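Report on the following structure.
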Amino acid sequence: MEGKIDPKKILQYHAVLLSVRKEIGKIIVGQDSAITALIVGLLANGHMLVEGIPGIAKTLLLRALARTTGCEFSRIQFTVDLLPTDITGITAYSPQKGFYVVKGPIFANFLLADEINRAPAKTQGALLEAMQEKQTTIGKETFPMMDPFFVMATQNPIETSGTYPLPEAQIDRFLFKLFMGYPNMQDEKKILRQNITLQNFEDYGLRPIINPKILIEMQNTVKDVYLSPEIEDYIIRLIDCTRRPKEYGIELGKYIEWGASPRGSIGLFIAGKANALVQGKSFVTPQHIKEVAYPILRHRILLNYEGQADEIKTDKIISEILAKVPLP
C-alpha cells in the first residue's frame, strides 16, 4: 500500500544521496551511471548482477558504497572448488563448547560475489536462498541475514573456460543487470593520478554519510512513493510487449524466445519508485520507468537461436520497445 509521503522528507533524502554520490566520487571515477544504478537498486532492496572486464573498479565501487552508508562489507571469490559451507558457515565441535556455529562471509550488509559463474550450481544455490529468503541454513539451524542485505554478483565477459553459465531462473532473481565499461580518456587521466594501486583504501578518507538504520528508512519510504494507475498500465504494456512483440509492431521481436516474467513488472514497479526518490520526486513519471527499463529487462528477455547467432543485443530490443509502446 502506498501511504502519504512528505515531500520535504524526499528532498532531504535526495540531498543525502547526493552527498553519498559525492563521497563515492572521491575514489570512483568515470562510472557515474553504475553508481546511480547501484544506489537505485539498493533503495529498491534488490540485488545486482554486474558484467565487466577485470580492473574497472567493481569491487572498489561496492566497498566505497558500503563505507559511505556505514554498512559491513564482505567479499567472496567464487572458484570451481568453492563449497556452500565456504559461503554460509559450518557447525563445529570442541570439547569445551560442544557444537557451535561458525558463520561464513555471507553474514554482512553488502556482499560481493566475485565471478559468481565460476562456482557450480550447488554453491550458487547457497547464495540464492539468502538472496530470495533473506535467511540461510547452517547445519540444522536457520539464521536471518543482516538488514539491509545487498548482493552484487560479478561476471567476467572475457573468459569462458572453467565457468558455469548461470541458470535463467537464477539470473531472474537479480533486480538489475549492469554493464560496466571503459572510462573515457579524461576520466582515465584522473584514475592515473589517484589510482588505488599507489594508495590504501583508507587514504581516501571516505566517511559514512548515513547508517544502516537510515538506509532501511529510505527503503521503506520508497514503497510510499506515488505510482499512478496510468503508470501501472504503462509498466504492464512494456512487459506485455516483451511477450507479444508482433502485436506492438516490434521488428526485432522475431529474435525473442521468451519475454519478461512477472518479476520483471514488479522490478519496474519498485525500481521506478526508487529512481523517483533518488531524483527527489515523490511520484513516478514515465521517464523514471524508462531509465530503469534497460537494467531490469536486459537479462529477462531471452533470445532465440537466430538472435544468438546474429549476436542481437537485448538493449536494442528494449530501445525499440520503449520507442513504440505509447506513453500514458
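The values are calculated or read from the model by the stated rules, or taken from the named source; none is laboratory data. This structure is a prediction, so every number in the text was calculated from the model and none was measured. Virtual Cβ from ideal backbone geometry, glycine too; neighbours counted across all protein chains shown.
Here is a list of conditions, (1) surrounded by fewer than 13 Cβ atoms within 10 Å (Cβ to Cβ); (2) assigned to a loop (DSSP other than H, G, I, E, B), and residue 147 meets all of them except one; can you say which number that is?
(1)
With respect to residue 92, determine if the residue is of a type in the set (Gly, Ala, Ser) and not assigned by TED's automatic domain parsing to the domain that holds residue 204.
Taking the combined requirement at face value, the residue satisfies it.
Name the residue, out of 117, 156, 109, 184, that is in contact with a Pro (Cβ under 8 Å, 6 or more places away or on another chain), touching a residue at least 24 places away in the same chain (Cβ under 8 Å), more than 27 Å from residue 301 (Cα to Cα) and not aliphatic (A, V, I, L, M).
Unique residue meeting the criteria: 109.
Any residue in the range 221-230 that is of a type in the set (S, T, N, Q), within 23 Å of residue 19 (Cα to Cα) and surrounded by fewer than 12 Cβ atoms within 10 Å (Cβ to Cβ)?
No - not one qualifying residue is present in the range 221-230.
Can you pull out the residues in the range 29-52 that are surrounded by fewer than 21 Cβ atoms within 10 Å (Cβ to Cβ), within 24 Å of residue 216 (Cβ to Cβ) and of a type outside the set (S, T, N, Q)?
Hit for the range 29-52 is 35, nothing else.
Under the condition of being free of Cβ contacts under 8 Å to residues at least 40 places away in the same chain and of a type in the set (D, E, K, R), which residue from the range 21-54 is farthest from residue 71 (Cα to Cα)?
By that ranking, first place goes to 32.
What residue, among those in the range 1-17 that are more than 19 Å from the chain's Cα centre (by Cα) and within 23 Å of residue 205 (Cα to Cα), is surrounded by the fewest Cβ atoms within 10 Å (Cβ to Cβ)?
Among those residues, the one meeting the criterion is 15.
If residue 110 passes every condition in (1) farther than 17 Å from residue 21 by Cβ; (2) crowded, with 22+ Cβ neighbours inside 10 Å; (3) in contact with a Phe, Trp or Tyr (Cβ under 8 Å, 6 or more places away or on another chain); (4) at pLDDT 85 or above but one, which one does it miss?
Unmet for residue 110, out of (1) farther than 17 Å from residue 21 by Cβ; (2) crowded, with 22+ Cβ neighbours inside 10 Å; (3) in contact with a Phe, Trp or Tyr (Cβ under 8 Å, 6 or more places away or on another chain); (4) at pLDDT 85 or above: (1).
Just for strands (runs of 3 or more DSSP E) wholly inside the range 36-136: which have at least 1 residues that are of a type in the set (A, V, I, L, M, F, W, C), over 27 Å from residue 202 (Cβ atoms) and touching a strand residue (DSSP E or B) at 6+ places or on another chain (Cβ under 8 Å)?
It comes to 48-51, 89-94, 98-103.
This table checks each residue for (1) out of contact with any strand residue (DSSP E or B) (no Cβ under 7 Å at 6 or more places or on another chain); (2) in a helix (DSSP H, G or I); (3) outside the structural domain of residue 43 (by TED's automatic domain parsing).
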{"site": "183", "(1), (2), (3)": "yes, no, no"}
{"site": "192", "(1), (2), (3)": "yes, yes, no"}
{"site": "213", "(1), (2), (3)": "yes, yes, no"}
{"site": "230", "(1), (2), (3)": "yes, yes, yes"}
{"site": "233", "(1), (2), (3)": "yes, yes, yes"}
{"site": "242", "(1), (2), (3)": "no, yes, yes"}
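Keeping to the range 168-193, report how many residues are of a type in the set (S, T, N, Q) and surrounded by 14 or more Cβ atoms within 10 Å (Cβ to Cβ).
Here the count works out to 1.
Would it be correct to say that residue 124 is more than 16 Å from the chain's Cα centre (by Cα) and of a type outside the set (A, V, I, L, M)?
It is true that residue 124 is more than 16 Å from the chain's Cα centre (by Cα) and of a type outside the set (A, V, I, L, M).
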